[in-house]
Ligand SMILES: Cc1cc2nc3c(=O)[nH]c(=O)nc-3n(C[C@H](O)[C@H](O)[C@H](O)COP(=O)(O)O)c2cc1C
């Protein structure tokens, strides 16, 4: 292996499988392909030569270095090279550019292209043309020809894969239909001349961005390979990343989609090869998307997160409604409202736990695992998470257990009536604060949708707690005053 710089990539499958179940080995390998393409581009741009070993069996000593986990995925070695690129390329080394008149193609450096890469799920309502798509594929394939000299290093090994294009009504001079893409020339031939975009969206678990894109590409292993091998999946990841970079250079936006019904895609592309990605692509305003937050797609996971957030705020509102001051203000005498809030909170927490822990089972309809999902929510979190993730998960479980303790202690049971009311109130308040505190730590450490609104969310919860505390103190004083008057 060449040196002197070595890079070792490893994976810990359980971190992915908690979300994606049996799909995770495939997702990890795809993700590695994305990394490999970036390494290849960066080393090319810096005139380094890169050698990669992508099969652990090639390096029998890895077990001695790392043990069983994390699993070794690939080893890359870099070394300075002086003969790889011709002098002409060296001058522009580090630039991804196209030397022709296509003004819509950007001239970004490799670093800029990598930095600007991001998934896009909202596309402009603007038609694109056949010639733009042809340029797109040529750039993707790194094809040099006489007039159009594309400076974008070529593909290593895309002969392992099939590419199929789905076109609807949004391309001016290509008829709606399904097209096979020739992976050496970038040209396409018709496979089916009816618009299959909606069928593709259905096969892609109804992800709306498939329907709203201008066109979509599927990547699958060759027909003869019913189950894609590791190299093909890696190459699909490489291709996925390459499509991202091509989009960055051509004012297009895309997202790779790995969640779909394999058999439905196979029948749409009329192939028995294993489908690996659906890639919806559409026009974007590059300068805007580079610096603006993408709108949050409402996915199943978003719903799970929102359910959790609702539970937290309902929890605070319930606490505020339970103070004497508010009870007097609204003439609340019975406990009914309190029980109503409590049941709503339990409802939202159950949704939150089901969706976020059972995400994969819900998507694939494997409902037989529902019991396992519920159990998982109460057991200690898997230890192979990153530390922050595990601590966050630990506090989520703490909040669950403490809530159960709170419900049990406050139940109107005969045995509990013997306990002094003062002691019960104190326990109640301590548990309440522990629960809210645990939820805060949990949402701080495990949030993903919240990343963008984390500060706002945490501030709102703290303000809510402050309001509760003030009203609570005020109620206490009033009760004391009343007692002293009596
Ligand atoms: C293997 C794989 C599968 C993915 N599947 C989906 C998917 O089914 N739907 C989707 O909207 N995004 C999907 N994505 C895109 C990720 O959500 C996205 O890459 C991630 O949130 C990081 O954002 P970024 O690409 O903007 O850096 C997938 C990404 C990978 C690597």
| query | Does residue 393 satisfy the condition of being modelled with pLDDT under 75 and either surrounded by 11 or more Cβ atoms within 10 Å (Cβ to Cβ) or more than 24 Å from residue 315 (Cα to Cα) (or both)? | reply | no
| task | Taking the residues in region 246-258 that are more than 19 Å from the chain's Cα centre (by Cα) and either over 17 Å from residue 140 (Cβ atoms) or within 12 Å of the ligand (Cβ to nearest atom) (or both) as candidates, determine which candidate is surrounded by the fewest Cβ atoms within 10 Å (Cβ to Cβ). | result | 248
| task | Name every residue in region 7-25 that is within 12 Å of the ligand (Cβ to nearest atom) and touching a helix residue (DSSP H, G or I) at 6+ places or on another chain (Cβ under 6 Å), in order of residue number. | result | 16, 19, 20, 24
| query | So which residues in region 123-136 are within 16 Å of the ligand (Cβ to nearest atom) and at pLDDT below 90? | reply | none
| said: Here's a check for you: in region 34-45, which residue that is more than 9 Å from the ligand (Cβ to nearest atom) and within 18 Å of residue 276 (Cβ to Cβ) is modelled with the highest pLDDT? | reply: 35
| at pLDDT 90 or above and part of a helix (DSSP H, G or I) - does that describe any residue in region 189-197? | yes
| remark: Only one of 224, 265, 278 is buried (at least 22 other Cβ atoms within 10 Å of the Cβ) and either over 22 Å from the mean Cα position of the chain (by Cα) or more than 15 Å from residue 120 (Cβ to Cβ) (or both), namely 265
| request: Answer yes if at least one residue in region 220-228 is at pLDDT 95 or above, within 16 Å of the ligand (Cβ to nearest atom) and in contact with a strand residue (DSSP E or B) (Cβ under 8 Å, 6 or more places away or on another chain), and no otherwise. | output: yes
| For region 201-219, which residues satisfy the criterion of being in contact with a strand residue (DSSP E or B) (Cβ under 7 Å, 6 or more places away or on another chain) and under 13 Å from residue 261 (Cα atoms)? | 204, 207, 218
| query | Only one of (1) buried (at least 19 other Cβ atoms within 10 Å of the Cβ); (2) closer than 18 Å to residue 277 by Cα is not met by residue 16, so which one is it? | reply | (1)
| query | farther than 17 Å from residue 320 by Cβ and crowded, with 18+ Cβ neighbours inside 10 Å - does that describe any residue in region 457-479? | reply | yes
| Out of 232, 214, 183, which single residue is under 15 Å from residue 278 (Cβ atoms), touching a residue at least 24 places away in the same chain (Cβ under 8 Å) and assigned by TED's automatic domain parsing to the domain that holds residue 278? | 214
| Within the bounds of region 146-165, is there any residue that is more than 20 Å from residue 273 (Cα to Cα), at pLDDT 95 or above and under 31 Å from the mean Cα position of the chain (by Cα)? | no
| Just one of 274, 241, 292, 270 is modelled with pLDDT of 90 or more and out of contact with any helix residue (DSSP H, G or I) (no Cβ under 9 Å at 6 or more places or on another chain); which is it? | 270
| query | Which of the residues spanning region 205-219 are modelled with pLDDT of 95 or more and outside any helix (DSSP H, G or I)? | reply | 213, 214, 215, 216, 217, 218, 219
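The values are calculated or read from the model by the stated rules, or taken from the named source; none is laboratory data. Not measured: the values here are computed from a predicted model. Please note: Cβ atoms are built from the backbone with ideal geometry, for glycine as well, and neighbour counts cover all protein chains shown.
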